[in-house]
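Let me begin by presenting the structure, written as structure tokens, before commenting on it.
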Amino acid sequence: MSRLRDLVAAELSQTAPEPITAFAAHLAAAFPGARAVMFYGSILRTGDLSGVLDYYVLTEHVPAGWRGVFTRLLWPDVSYHELEHGGATLRAKVASMTLAQFQRATSGAGVDTTIWARFVQPSALIWADEAARETVIDSVTAACRTAAGFAQAIGPADAAPLALWTALFQETYKAELRVEKAGREVSILTYDPERYERVMEAVWADEGRELSQEARTALLKAWRVRRALGKPLNVARLVKAAFTFQGAARYAAWKIQRHTGVTVEVTPWRERHPILAAPGVLLKVWRERRQAA
């Protein structure tokens, strides 16, 4: 029996609002070979459906064709989706990768930090086939163990759980190419500090509190590699996303309208060529905002 796995299983099975489950069902049907749909992010806490919902879709295989070549090397894929539901338009940014890739990423076996650092934070498993459900629970449990191990190696010796988590998130944000302001880890932890204490205590209950010097040395060595490669890996993913982000034009148009009030028409050409269309769109936004001022 694993105290940590029981905690993870209970958290993943939390009930989500009906619009969120409806969108998950839509995504499960939209992605070929979907095995599981997970929901995460700030809206999991706030329930504010006016923003962009965040999902992970785990699939059996990578996409067919040239897109699959990129996905094998640089996961996840990112896409934007809309769903008319209950008289309102729901919007979602969706990351997708195979279930096998998710398993490896949460285990910490590769140099990537983004997946296990994301899924040590709260998430909900909205939809899954029966076999995938158990695999996802095991994988998120592994993400928590991976994160806790690095937290104990990086953080102060014999520190309390929140001090260890603070040290970990500070370092992961430094290693990644992030847009969040400094101190983002504080807002993550202070929302539900008892939850993060429970996670670390569950890890200690399963594996013991003491981290051997040999284990600490190995983890710190592994962390230095991840810290060195984190930003270059993020840049490579951004370049990939610039050419493979499905729905990028619609997502950008919504963001522009939401933040500036300027309406951008999503023409078929802009939908097909969002990068080439970007300069013209930015010029339109600049002109209309200047006229309004």
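Below, the figures for the structure above:
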read-out	value
Protection-proxy order for peptides 43-49, 59-65, each taking the mean of Cβ atoms within 10 Å per residue, highest first	59-65, 43-49
Label-to-label distance, nm, for residues given as residue 221 and residue 158 (7 Å Cα→Cβ offset)	2.7
Peptide ranges 161-170, 82-91, 23-32 listed from the most packed, as the mean C-beta count within 10 angstrom indicates	161-170, 23-32, 82-91
Order of exposure, largest accessible area first, which applies to 229, 7 with probe 1.4 Å	229, 7
Accessible-area value, residue 191, 1.4 Å probe, nucleic acids and ligands omitted, Å²	130
Rounded Å value of the spacing that divides the Cα centres of the stretch 183-232 and the stretch 60-84	29
Violating pairs (Cα-Cα greater than 19 angstrom) within the set 174/231; 174/221; 93/174	93/174
Computed E for residue 205/residue 21 - FRET, C-beta separation, R0 25 angstrom, nearest 0.05	0.20
Difference of contour (0.36 nm per residue) and Cα-Cα distance, residue 129 to residue 85	13.4 nm
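The values are calculated or read from the model by the stated rules, or taken from the named source; none is laboratory data. All of these numbers come straight from a predicted model, not from anything done at the bench. With ideal geometry, Cβ positions are generated from the backbone for all residues, glycine too; neighbour counts draw on all protein chains shown. Ligands, DNA and RNA are stripped out before the accessible areas are found, and what is left, the full protein with its side chains, is counted by its heavy atoms. Shrake-Rupley method; radii C 1.70, N 1.55, O 1.52, S 1.80 Å.
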